[in-house]
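This report concerns only the one structure given below.
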Amino acid sequence: MGNAGQPASAWVKTGRMEFGISGAFSDATHLAPMALAAEEAGFARITLSDHVIQPKTLRTPYPYTEDGTPRWPPFTDWPDPWVAIGAMAAVTERIRFFTSVFVLAMRNPFLVAKTVGTAAVMSAGRVELGIGVGWMREEFDLLGQVFDGRGGRTNEMMDVLRLLWQGDWVEHHGEHYDFDPLEMSPKPAEPIPIFVGGFSAPALRRAAQKADGWISDLHTTAELAELIPEVLRLRAESDRAADPFEILVTCNDAYDLDGYRRIADLGATHFTTMPWFFYGADPENLQEKIDGIARFGDEVITRM
């Protein structure tokens, strides 16, 4: 995983950074051609977001805007990320895929392990699971999962997923999940990285102590200058301090080479963007998005 096989800790020291594109809010039929264009342009990853439904009346405030209104309008496409990843993996060879973020605690851990493990096998190990605890109570209710206590379930589910992906007889006896020896096949050839998103204190601790990387929200450079050192400090104090760790960010005020270099110098290993917006593309026009992806590759990635 990463540039020239180097662990994330090496990237933090040298300031090296990959680029990826976000498939959020895109027409679902655009994703496979976008993936192919991104691979050709030198992007390292594509990330997909996750919602199952959109209530007409939203009782839960969206936590990432000042007025609690979501960043997207009704009837925005939210394709199942693992089906979409399968389609994109089928037309590409090298580019990797992760979720930013998949709401783990509103799912059954066995179904998640089966879906993500199968995607890893069939994509030749090109998937990574980015998770969050979720914010929309309505989705949890409709999927038959309890909203309260989702943080503790998320922590335990991470352990359960890693057990199930081992491909051996495994058992688990925890607070939320309990099962006797069983096996799940097919077995991923390599461990599937798990990244944790969010910038609350519990999210930063979860990322640092249990995950293989941290995913930011949409932040300013100044905000990242506070958050990245904090999550790296927590990582250094954890039992996994010696393990590779990635910092995957999105930033709303870095849009040129100098800005990207400042983000890399903070310790980011991956920068997610929607490059077509920089060139005035119509997000509903697939060809304009592909042209923007290619142009970003020429003007930024090759020069970084």
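Looking across the range 199-254 at every residue that is in contact with a Ser or Thr (Cβ under 7 Å, 6 or more places away or on another chain) and polar (S, T, N, Q), the one that is nearest to Arg150 (Cα to Cα) is identified as Gln209. Test Val160 against the criterion of being within 20 Å of Ala119 (Cα to Cα) and either without any contact (Cβ under 8 Å) to a residue 12 or more places away in the chain or not in a strand (DSSP E or B) (or both), and give yes or no. Judged against the criteria, Val160 is a match.
I'd like the residue in the range 133-157 that is aliphatic (A, V, I, L, M) and outside any helix (DSSP H, G or I) and, out of all such residues, is nearest to the chain's Cα centre (by Cα). Checked the range 133-157; the qualifying residue nearest to the chain's Cα centre (by Cα) is Val133.
Looking at the range 44-65, which of its residues are of a type in the set (A, V, I, L, M), part of a loop (DSSP other than H, G, I, E, B) and farther than 17 Å from Glu138 by Cβ? Once the filter is applied, which keeps residues that are of a type in the set (A, V, I, L, M), part of a loop (DSSP other than H, G, I, E, B) and farther than 17 Å from Glu138 by Cβ, the range 44-65 yields only Ala44. Assuming Phe75 fulfils every condition listed in (1) surrounded by 15 or more Cβ atoms within 10 Å (Cβ to Cβ); (2) at positive phi apart from one, which condition is it? If we test Phe75 against (1) surrounded by 15 or more Cβ atoms within 10 Å (Cβ to Cβ); (2) at positive phi, just (1) comes out false. A single entry from Gly117, Gly130 fulfils the requirement of being modelled with pLDDT of 95 or more, in a helix (DSSP H, G or I) and either farther than 20 Å from Gly198 by Cα or not aliphatic (A, V, I, L, M) (or both): Gly117.
Scanning the range 95-114 for residues that are in a loop (DSSP other than H, G, I, E, B) and farther than 23 Å from Trp214 by Cβ returns a single hit, Asn108.
Here Pro191 meets the list (1) farther than 15 Å from Ala268 by Cα; (2) touching a strand residue (DSSP E or B) at 6+ places or on another chain (Cβ under 6 Å) almost entirely, failing just condition (2).
The values are calculated or read from the model by the stated rules, or taken from the named source; none is laboratory data. Because the structure is a prediction, the values reported are computed rather than measured. We place every Cβ from the backbone using ideal geometry, glycine too, and count neighbours over all the protein chains shown.
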